[in-house]
Each structure stands twice: as structure tokens, then as C-alpha cells.
Amino acid sequence: MYYIDPHIHMVSRTTDDYETLAKMGCVALSEPAFWAGYDRGSVDGFRDYFEQLTVFEPKRAGWYGIQHFTWLCINAKEAENVSLAREVIAMIPEFLDRPGVLGIGEIGLNKNTKNEATVFLEHVELALRTDEQILIHTPHLEDKYQGTRMILDMLCDDGRVNRERVLVDHVEEHTVRLVLEQGFWAGMTLYPVSKCTPARAVDIVEMYGPERLLVNSAGDWGPSKPTAVPDFILEMRRRGHAESLIRRVVYENPIAFFSQSRGFVFNPPDVAEHANV
Amino acid sequence: MNVRKSAAVFEQEFLPVRAKLLEVAAALDRLDRADGSLATDARRAKIQAAIQVLLRPEDDRAEQIQLIFSRPFEDDWRKKLGVSEVRK
Ligand SMILES: [Zn+2]
């Protein structure tokens, strides 16, 4: 089955991983900007990173027939440095019209601090001003519930935010309902130890239905599994769910959400590339 | 959506659940065999509270256990942090 991984950090993965993903049916992926494992020292560090995200990664993905899309921001962890964050936010528009850019992300909270909230709001302001979609990171473990509620508070206060153009990621059993009920998209991240497992993600689909739900691997430089979406597909099949339901979650839903971005130009795999007959 | 029969689900889940219970039991035994006390560690009490949730009949056990391991949310977080509201 063809699928799309809507959240994966390929700059941290090898070219072999692209090959494996392609063999497993991955036809497109989206890569939000995130923390590199160390704090970057200057706005130019981010400029170079955005260059990599918008030029080299799409090329590397293309070697295996995978279409690469991306999201730009300064992540919540580095947002503690508010002055650097403001420089980055001011620089982001240089890249927004590049091919494959889907919007602003992954913004959000990490330890739920004042600085993180301030920089989050300034990113939202940028997205609204430039009419971009938003992809949101919610915190891990004991900070997730509190941070998700704070994020939803900030978004719901602002009547200009179109909730159908916002994806709130890393939802779990205690946050998914809040996100879906408010009209946002919700992403489930299959990640060892700290997030969801394939079985629990399938449970959530069974409890809430496929509407506005996405599944991703969030594969990065940590202990993560870039092929987690195929694990989810297998678990759905093991439970006897219809292929149409599986395809809805792993393929049609990402396309429906991404299609609201002007940067999303997608060649479906069933259609010959550049088929303008 | 396809709704499965409980007997079929149990067939699939019995051995994994048995194995996971044994893992938790063995980890708790391991803690008990170790030297010292965890009486003042709040995380130990959370583990105990989570185990109690498993015994409840409600079907939202996973959500309830998640909440046990979550910091509380306070409605007036903005005031506490000094983040102003942006009603627009
Ligand atoms: Zn991420």
C-alpha cells in the first residue's frame, strides 16, 4: 500500500533509510524543522538548515521516487532564546515560496515555559500574516497534557486561526479528544518508549474514527523507527480493518491536509509523472 | 468500522497481556530486592495509582493512566507565567 509519512526528520537519517521507505510503499513525506540535538549559535545556522530542508533533502528523496515536503520554524527547545527566535522568524519568509514548503512547524511547547509560549504566539502570527498552515509539536511525557491544553488555549483564543489548517502532533489517549473536538487535525506519533505504539494508535482510530487523524514515525536522530507507519498498517490489517480505512489514514488524510498548502504539488504514484495529457 | 468479537481479541491479546503483566511484576520485585526506600519518590506512588486503574471496570484505563503521569493544567496559566491574552 502506498503511504505518506507526514512527520519524519530525514536530515537525521541515512540514504539507506530513504531506500527502505520507498520499498515499503512510502511515496511522500513531510519534514518539520526541529532541534538538531544541540542549540544552533546564530540565525545563519538556521538559514543553512532551511537550505538543506528545501534543496538537498528533496533531491535525496527524489533518488528513490519519494516526494519531500517541509515545514520551517525555530523549534520550542531553542525558542528559550527569544532574541535568536525573533531573528529566525524574521528570516523564514525568505524560504516560504520555495517548492515543497507546506508551512510553519513544528512549533509548540517543550517545557511549557513563558519564552516558549511567547515564541509560539509569534510563529502563529507569522503563519497568519503569510497565510501558511501550521504543524504543532506537543511536549513529551508528563508535560504533554498541560502543554497541549496551553497550545489549544492560545489557538482557540485567536479567531483568525482556521483550525482545519492546523495539525497538532504527538497526540495520545489523554490529548486526542481535546484536539479533535476543537476542530484541529491530530497526528499520532509511533515512537519507542515516550509516545504511542502501533497497537495504541489503532485503538485510537477504532475509538475516534479516521476523520482528521494522521499517523507518523517522527523518525529522527534518537531511538526511533522510520518504518513505523508500515507497522501501523500491519496492525490495522491484523485486526481485519478494511484496506479503504487504512488508506484513508495513511494516504488520503495527509493529502487532504497538505492540499491546503500552496506549496503542496503532488504527483500521485498511479499517474505518470508530468502527465499533462 | 469493523467491530471484532471479544473472544477473537482475547485470543490475540492473552499471551501479550500475560507477558506484560509478568514484566511489570518482575520489575516491582526487582525494586523490592534493591537496597533503600522509595517512600519519598512521588513516581513510585504514581506507579501504584496506575496499577489501581487497571482494576477499574471503565474502558478509559489508558487515558486515566496517562493523566496520572501528567502535570496538572491550570486555567490561569497565563497569569502565572505572565503571558498576555491575544483575543482577536
Ligand atoms: Zn518532530
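The values are calculated or read from the model by the stated rules, or taken from the named source; none is laboratory data. Computed from a predicted model, the values in this text were never measured in an experiment. Glycine also receives a Cβ, built like all others from the backbone with ideal geometry; neighbour counts cover every protein chain displayed. Heavy atoms of the whole protein, side chains included, go into the accessibility calculation; ligands, DNA and RNA do not. Shrake-Rupley method; radii C 1.70, N 1.55, O 1.52, S 1.80 Å.
I need a count of the residues in the range A:85-117 that are buried (at least 19 other Cβ atoms within 10 Å of the Cβ) and either within 16 Å of the ligand (Cβ to nearest atom) or part of a helix (DSSP H, G or I) (or both). Total satisfying the criteria: 15. Could you list, in sequence order, the residues of the range B:12-35 that are surrounded by 11 or more Cβ atoms within 10 Å (Cβ to Cβ) and over 20 Å from the mean Cα position of the chain (by Cα)? Selection gives B:Gln12 alone. Looking only at residues of the range A:140-164 that are touching a Phe, Trp or Tyr at 6+ places or on another chain (Cβ under 9 Å), open to solvent by 40 Å² or more (accessible area, probe 1.4 Å) and more than 16 Å from the ligand (Cβ to nearest atom), we find that the one that is nearest to A:Glu211 (Cα to Cα) is A:Glu164.
For the range A:123-132, taking the residues that are of a type in the set (D, E, K, R) and surrounded by fewer than 18 Cβ atoms within 10 Å (Cβ to Cβ), the one that is farthest from the chain's Cα centre (by Cα) is identified as A:Arg129.
Going by what's in this entry, would B:Val83 be described as modelled with pLDDT of 95 or more, out of contact with any Gly (no Cβ under 9 Å at 6 or more places or on another chain) and among the β-branched types (Val, Ile, Thr)? Spelling it out, it is not the case that B:Val83 is modelled with pLDDT of 95 or more, out of contact with any Gly (no Cβ under 9 Å at 6 or more places or on another chain) and among the β-branched types (Val, Ile, Thr). Of all residues in the range A:246-266, those being part of a helix (DSSP H, G or I), under 12 Å from A:Arg165 (Cα atoms) and free of Cβ contacts under 8 Å to residues at least 24 places away in the same chain number 1. Taken over the range A:1-60, the criterion of being among the hydrophobic types (A, V, I, L, M, F, W, C), assigned to a helix (DSSP H, G or I) and closer than 18 Å to A:Leu72 by Cα is satisfied by A:Met10, A:Val11, A:Val43, A:Phe46, A:Phe50, A:Leu53, A:Val55, A:Phe56.
Return the total of residues in the range A:177-218 being more than 14 Å from chain B (Cβ to nearest Cβ), within 24 Å of B:Phe69 (Cα to Cα) and surrounded by 15 or more Cβ atoms within 10 Å (Cβ to Cβ). Number satisfying all stated conditions: 9. A:Arg262: closer than 25 Å to A:Thr20 by Cβ, open to solvent by 50 Å² or more (accessible area, probe 1.4 Å) and modelled with pLDDT of 95 or more, yes or no? When the stated conditions are applied, A:Arg262 does not pass them. The condition of being in a loop (DSSP other than H, G, I, E, B) and more than 16 Å from the ligand (Cβ to nearest atom) holds for only one of A:His170, A:His174, that being A:His174.
The listed residues are A:Gly159, A:Gly147, and the only one of them that is within 19 Å of the chain's Cα centre (by Cα) and modelled with pLDDT of 95 or more turns out to be A:Gly147. Does B:Leu15 meet the test of being more than 30 Å from A:Cys156 (Cβ to Cβ) and either in contact with a helix residue (DSSP H, G or I) (Cβ under 9 Å, 6 or more places away or on another chain) or among the hydroxyl-bearing types (Ser, Thr, Tyr) (or both)? Taking the combined requirement at face value, the residue does not satisfy it.
Taken together, B:Leu81, B:Leu55, B:Leu38 contain a single residue that is farther than 30 Å from A:Ile151 by Cα, surrounded by 10 or more Cβ atoms within 10 Å (Cβ to Cβ) and without any contact (Cβ under 8 Å) to a residue 60 or more places away in the chain, which is B:Leu38. For the range A:67-78, the count of residues that are farther than 26 Å from A:Pro254 by Cβ, in contact with an Asp or Glu (Cβ under 9 Å, 6 or more places away or on another chain) and not aliphatic (A, V, I, L, M) is at least one.
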